[in-house]
């Protein structure tokens, strides 16, 4: 029988705080950016639980639990990112609110410019309604995507909506 670091029964369990903090990058402006894995929706994830059954949990919820010793339970209360950065785990940037308030705050946030610098106003702004929230899209960027698609696939004409 080989003895791994920590003893004959496997590695010694790591301190939860150490596991958490090694995946945090503190940046100017106050955000603590999660450098570990992320879910497809952009929120940080970390495996947590018993050693033989690690469960993926949201990193910002774990951060709130480590600093405040409690978590909102059920579907009524959620943690809202005040900084609007999904992978921020700074507990000072998290506020317990109702799900309705969280959705309302997300809709109320509107960008003035897209990621490429186009103004998100007037005819260049398209609002797409999803389930329970709105998404703002830059028409210039959308047209560029359609043109690039058409140049790669000339047999398929795609009309920008």
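Can you tell which of 123, 80, 135, 144 is in contact with a helix residue (DSSP H, G or I) (Cβ under 6 Å, 6 or more places away or on another chain) and either outside any loop (DSSP other than H, G, I, E, B) or modelled with pLDDT under 80 (or both)?
When all the criteria are applied, what remains is 80.
If I ask for residues that are at pLDDT 90 or above and part of a loop (DSSP other than H, G, I, E, B), which ones from the range 16-30 would you list?
Within the range 16-30, 22, 23 qualify.
Give the residues of the range 40-61 that are more than 13 Å from residue 88 (Cβ to Cβ) and either modelled with pLDDT of 90 or more or not in a loop (DSSP other than H, G, I, E, B) (or both), sorted by residue number. Reasoning before the result, please.
Residues of the range 40-61 more than 13 Å from residue 88 (Cβ to Cβ): 40-41, 45-57.
Answer for the range 40-61, where residues must be more than 13 Å from residue 88 (Cβ to Cβ) and either modelled with pLDDT of 90 or more or not in a loop (DSSP other than H, G, I, E, B) (or both): 45, 46, 47, 48, 49, 50, 53, 54, 55, 56, 57.
The values are calculated or read from the model by the stated rules, or taken from the named source; none is laboratory data. Every value quoted in this text rests on a predicted model; they were computed, and no experiment measured them. Counting neighbours? That spans all protein chains shown, and the Cβs are built from the backbone with ideal geometry, glycine included.
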